[in-house]
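Enquirer: Below is a structure I'd like to ask you about.
The values are calculated or read from the model by the stated rules, or taken from the named source; none is laboratory data. From a predicted model like this one, the values you see are computed outputs, not experimental measurements. Don't worry about glycine lacking a Cβ; one is built from the backbone with ideal geometry, like all the others, and counts go over all protein chains shown. In case anyone asks, the SASA skips ligands and DNA or RNA and just uses the protein heavy atoms, side chains included. Shrake-Rupley method; radii C 1.70, N 1.55, O 1.52, S 1.80 Å.
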Amino acid sequence: MMRILILNGPNLNLLGKREPEIYGSETFEQFFETLKDKYSDITLEYFQSNSEGILVDKIHEVGFTYDGIVMNAGAYTHTSVAIADAISGVTTPVVEVHISNTHKRETFRHKSFLSPVCKGVILGFGLKSYELGVESFIK
Ligand code: CA2
């Protein structure tokens, strides 16, 4: 069975609880249940951390055995050479996703350290960005 990890970075544990005008009103846990129902023929896992090093460790942990990682690194997208290096260092392909269209927002969100080392990038479709990310791994 195909194994895919959805990996969320800092503050994404607040989804559905704060700033619904930007990030929607559904919690990630609620959304993840519907995603697992839709993709019942795939082993889908979910992990979230607010810490850069823990995200790096998780990429190393799954990055040689899983079929794909769908990653929203949150604000670390725009700052983290360490996460970019971790993605480069593993064999599992990573698809970068974002809930919001970061190019419509502040200029500091336009730069991604991760895009050049990811298989692809999906942004601006709300939580559906994650679904499209999972879909991108299905042959
Ligand atoms: O649009 C995205 O998915 C982002 O990765 C979200 C990050 C932001 O720093 C990126 O520029 C774009 C922020 C995640 C914070 O999520 C919250 C959710 C609810 C309430 C507060 C923050």
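Enquirer: Evaluate segment 30-45: report whether one residue or more is over 18 Å from Ile83 (Cα atoms), among the aromatic types (Phe, Trp, Tyr) and under 15 Å from the mean Cα position of the chain (by Cα). So that I can check it myself, show each step before the final result.
Expert: Just the residues of segment 30-45 that are over 18 Å from Ile83 (Cα atoms), to begin with: 30-45.
Cutting the leftovers down to among the aromatic types (Phe, Trp, Tyr) gives us 31-32, 39.
So of that shortlist, the ones also under 15 Å from the mean Cα position of the chain (by Cα) come out as 31-32.
Within segment 30-45, one or more residues are over 18 Å from Ile83 (Cα atoms), among the aromatic types (Phe, Trp, Tyr) and under 15 Å from the mean Cα position of the chain (by Cα).
Enquirer: In segment 74-119, how many are more than 24 Å from Asp57 (Cβ to Cβ) and without any contact (Cβ under 8 Å) to a residue 60 or more places away in the chain?
Expert: Matching residues across segment 74-119 total 11.
Enquirer: With the checklist (1) open to solvent by less than 60 Å² (accessible area, probe 1.4 Å); (2) outside any helix (DSSP H, G or I); (3) touching a Pro at 6+ places or on another chain (Cβ under 8 Å) in hand, flag the one item Ile122 doesn't pass.
Expert: So the condition that Ile122 fails would be (3).
Conditions tested, residue by residue: (1) more than 18 Å from Glu45 (Cβ to Cβ); (2) of a type in the set (D, E, K, R); (3) within 11 Å of the ligand (Cβ to nearest atom).
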residue: Asn72; (1), (2), (3): no, no, yes
residue: Ile87; (1), (2), (3): no, no, no
residue: Lys104; (1), (2), (3): yes, yes, yes
residue: Leu127; (1), (2), (3): no, no, yes
residue: Tyr130; (1), (2), (3): no, no, yes
residue: Val134; (1), (2), (3): no, no, no
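Enquirer: Output the residue which, of all residues in segment 11-21 that are touching a residue at least 12 places away in the same chain (Cβ under 8 Å) and more than 7 Å from the ligand (Cβ to nearest atom), is nearest to Asn50 (Cα to Cα).
Expert: First, pick out the residues of segment 11-21 that are touching a residue at least 12 places away in the same chain (Cβ under 8 Å): 11-13, 15-16.
This time we only want the ones that are more than 7 Å from the ligand (Cβ to nearest atom), so: 13, 16.
Values: Asn13: 8, Gly16: 17 Å.
This residue is Asn13.
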